[in-house]
Amino acid sequence: PPEPADPQGGVGFLWGGARPPVQALIEFIDAHRQRFGVEPICRVLTEHGCKIAPNTYWVAKKRGPSKRARRDEELMFEIQRVYDENLFVYGADKIWTQLKQRRHPSRPLHR
């Protein structure tokens, strides 16, 4: 379903408040670049207070996932495994405790 729009015509992250993370802007550009092109989208986003240069977009697309993103991806599989093994009833606290018990000391798990 389409996202609701605010009275000014903003969609999603353009509702107001703090500037969205660059990754959110990159995802927005990805979703619309075939229709509008990268440069026009960057220009309109900048006009609405979400400054992003086309070069920022292209550099982000060429760069591989960060160490944090790779670790998060790995943890997602571990979290799902613990949740599945415990009959889909464990909440966040129990999953975190279970993961912390299973982690190797050289790879600590932080909240």
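If we scan segment 57-80, do we find a residue that is touching an Asp or Glu at 6+ places or on another chain (Cβ under 7 Å) and farther than 30 Å from residue 102 by Cβ?
Checked segment 57-80: no residue is touching an Asp or Glu at 6+ places or on another chain (Cβ under 7 Å) and farther than 30 Å from residue 102 by Cβ.
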Just a yes or no: is a residue in segment 76-96 at pLDDT below 85 and over 19 Å from the mean Cα position of the chain (by Cα)? no
Among the listed residues 69, 18, identify the single one that is hydrophobic (A, V, I, L, M, F, W, C), at pLDDT below 90 and not in a helix (DSSP H, G or I). 18
As an exercise: evaluate residue 108 against (1) modelled with pLDDT of 90 or more; (2) in a loop (DSSP other than H, G, I, E, B); (3) of a type outside the set (Asp, Glu) and give the number of the one condition it does not meet. (1)
Under 7 Å between Cβ atoms, which residue pairs at least 6 apart in sequence (or on different chains) link something in segment 69-97 that is surrounded by 10 or more Cβ atoms within 10 Å (Cβ to Cβ) with a partner that is assigned to a loop (DSSP other than H, G, I, E, B)? 82/90; 83/90; 96/111
For segment 41-49, check the following and say yes or no: at least one residue is at pLDDT 90 or above and in contact with a helix residue (DSSP H, G or I) (Cβ under 6 Å, 6 or more places away or on another chain). yes
Residues of segment 52-66 satisfying the condition of being touching a residue at least 24 places away in the same chain (Cβ under 8 Å), open to solvent by less than 90 Å² (accessible area, probe 1.4 Å) and assigned to a helix (DSSP H, G or I): 56, 57, 60
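The values are calculated or read from the model by the stated rules, or taken from the named source; none is laboratory data. None of these values were measured; they are calculated from a predicted model. Note: ideal-geometry Cβ built from the backbone for every residue, glycine included; neighbour counts use all protein chains shown. These area figures cover heavy atoms from the full protein model, side chains too; ligands, DNA and RNA do not enter into them. Shrake-Rupley method; radii C 1.70, N 1.55, O 1.52, S 1.80 Å.
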